[in-house]
Amino acid sequence: MTVIAVQKDPQKLTLTVDAEFDASLERVWQLWADPRHLERWWGPPAYPATVTKHDLAPGGRVEYYMTGPNGDQFQGYWDVVTVEPPRRIVLRDSCSDADGTPNPENTIRVDIEEVARGRTRMSIETIFPSIEALERALAKGTEEGLRQAVSQIDAILAEATLQR
Amino acid sequence: MRVASPDIDRVFAAFADHTRRDIVRRAISGKEGVLELASHYPMSFAAVQKHVAVLERAGLITKQRVGRRKVVRTNMDRLFVARRLLDQYEEVWRARIDRINELIAERPGTIGTKEPDR
């Protein structure tokens with residue numbers, strides 16, 4: 001278990017995950033700063049990400065696509081807001097529709113700090129602008145979501161309705 | 001625990017249709033009227049109006065007056081939906097962190113870092 005804390009704020013549509021790794025600060029920074037490392041963990045296994053542009057600088061852009069088992073592809077990109085190597089990144093993650101229409105998904109704030117020699121904590125805060133954006137991000141973050149492009153909300157709605 | 005209400009058949013029937021489920025989802029934010037909702041679907045305004053009426057009878061949505069407009073709003077706790085979605089999104093990050101751990105455990109130098117851009 002390396003996830004040490006999880007906080008959820010349904011009012012503000014915010015999720016914060018704190019994790020600790022047996023690695024140096026620089027090694028954890030590399031997860032974001034090196035596109036070949038980034039693409040190893042960003043997408044789910046059956047939908048790996050390929051990073052096509054990696055300008056991790058304020059005002060820069062990181063572009064990627066995810067490819068599924070049937071060759072189906074999904075485009076996504078980050079608008080980079082803040083970068084303070086090797087400790088801090090703020091970015092806005094968006095995805096593009098098939099026709100290229102951008103859909104802002106969330107703002108991600110990453111804070112990295114060394115808590116002991118060879119032990120590094122990374123805190124990731126994800127803020128969603130709307131329930132719809134949260135649902136879209138879910139579809140993209142999971143293989144099931146990408147494969148079926150179904151609404152996870154349907155089941156929740158049925159549950160919520162029947163509970164009343 | 002509450003005994004199932006007689007409306008349960010109506011709820012299931014209302015949910016059995018894809019367009020109606022989609023209307024309920026859109027109405028969570030409660031920003032659109034029937035006219036705006038209708039613009040999302042390749043069907044007549046009257047057909048969308050009918051779907052909205054079915055949902056209204058099942059108690060899934062209500063029409064509310066906001067200023068001069070009437071918006072369609074889902075009858076449920078928005079926070080409940082948000083909480084469940086955040087629970088699912090937590091799993092996205094847990095899976096990423098698992099992959100990061102595997103990556104960190106690999107021997108340095110085995111990951112291709114030579115080409116900065118493909």
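Taking the condition over 18 Å from residue A:128 (Cβ atoms), at pLDDT 80 or above, touching a helix residue (DSSP H, G or I) at 6+ places or on another chain (Cβ under 9 Å) and facing chain A (nearest Cβ under 8 Å), does residue B:118 pass? Steps first, answer last, please.
Numbers: over 18 Å from residue A:128 (Cβ atoms): yes; at pLDDT 80 or above: no; touching a helix residue (DSSP H, G or I) at 6+ places or on another chain (Cβ under 9 Å): yes; facing chain A (nearest Cβ under 8 Å): yes.
No.
Just to be sure, is residue B:86 facing chain A (nearest Cβ under 7 Å) and in contact with a Leu (Cβ under 6 Å, 6 or more places away or on another chain)? Give the steps one after another, and end with the answer.
Working: facing chain A (nearest Cβ under 7 Å): yes; in contact with a Leu (Cβ under 6 Å, 6 or more places away or on another chain): yes.
So residue B:86 fits the description; yes.
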task = Would you check if there is a residue in the stretch B:68-75 being part of a helix (DSSP H, G or I) and either within 13 Å of another protein chain (Cβ to nearest Cβ) or under 17 Å from the mean Cα position of the chain (by Cα) (or both)?
result = no
query = How many residues are more than 9 Å from chain B (Cβ to nearest Cβ), modelled with pLDDT of 80 or more and assigned to a loop (DSSP other than H, G, I, E, B) when one looks only at the stretch A:114-158?
reply = 3
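Quick one: which strands (runs of 3 or more DSSP E) lie wholly within the stretch A:1-78 and hold at least 3 residues that are without any contact (Cβ under 8 Å) to a residue 40 or more places away in the chain and aliphatic (A, V, I, L, M)? Explain how you work it out, then say what you get.
Working: elements: A:3-9, A:14-21, A:49-54, A:61-67.
By residue number, A:3-9.
Return the only residue of A:13, A:91, A:31 being out of contact with any Cys (no Cβ under 6 Å at 6 or more places or on another chain), surrounded by 20 or more Cβ atoms within 10 Å (Cβ to Cβ) and on the phi > 0 side of the Ramachandran plot. It would help to see each step written out before you state the result.
Values: A:91 fails: on the phi > 0 side of the Ramachandran plot; A:31 fails: on the phi > 0 side of the Ramachandran plot.
Within the list A:13, A:91, A:31, the selection yields A:13.
Condition check ((1) over 28 Å from residue A:134 (Cβ atoms); (2) at pLDDT below 95; (3) assigned to a helix (DSSP H, G or I)) across all residues:
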| site | (1), (2), (3) |
| --- | --- |
| B:3 | yes, yes, no |
| B:6 | yes, yes, no |
| B:11 | no, yes, yes |
| B:14 | no, yes, yes |
| B:20 | no, yes, yes |
| B:24 | no, yes, yes |
| B:30 | no, yes, no |
| B:35 | no, yes, yes |
| B:50 | yes, no, yes |
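The values are calculated or read from the model by the stated rules, or taken from the named source; none is laboratory data. Predicted model only: the values in this text are computed from it and were never measured. As a convention, Cβ positions derive from the backbone with ideal geometry for all residues, glycine included, and neighbour counts pool all protein chains shown.
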